[in-house]
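K.L.:
Got a structure here, written out as structure tokens. Questions coming.
The values are calculated or read from the model by the stated rules, or taken from the named source; none is laboratory data. This is a predicted model, so every value here is computed, not measured. All Cβ positions, even for glycine, are placed from backbone atoms using ideal geometry, and neighbour counts span all protein chains on display.
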């Protein structure tokens, strides 16, 4: 399976653009004049929602394949499963880096 880095980068850019275009007035966490927090939280939420959607699609395809749906092929099921697995692993790695950075910041003397 070949993963295209440009396609992945474009997808992240699209998520970032989508989060930037949302109405900032509805974001309770955003402070006036502080758009970085709102952009990051929206981007993170969109990325997690995307991973969740991939996992749900993969589960649906697996169930349909097991039930013998003629419209679902083994290839579609395996590709969806791998996409959701890779996306979940990437999300876990990002979470680990964030926790590691938090611990490092908290251990700094004030």
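K.L.:
Residues of segment 59-80 being assigned to a helix (DSSP H, G or I), over 15 Å from the mean Cα position of the chain (by Cα) and surrounded by 12 or more Cβ atoms within 10 Å (Cβ to Cβ), which ones?
P.N.:
Going residue by residue through segment 59-80, those that are assigned to a helix (DSSP H, G or I) are 59-66, 74-80.
In the following step, the residues that additionally are over 15 Å from the mean Cα position of the chain (by Cα) were identified as 59-66, 74-79.
Result: 59, 60, 61, 62, 63, 64, 65, 76, 77, 78, 79.
K.L.:
Can you name the condition, by its number, that residue 38 falls short on among (1) in contact with a helix residue (DSSP H, G or I) (Cβ under 7 Å, 6 or more places away or on another chain); (2) at pLDDT 95 or above?
P.N.:
The failed condition is (2).
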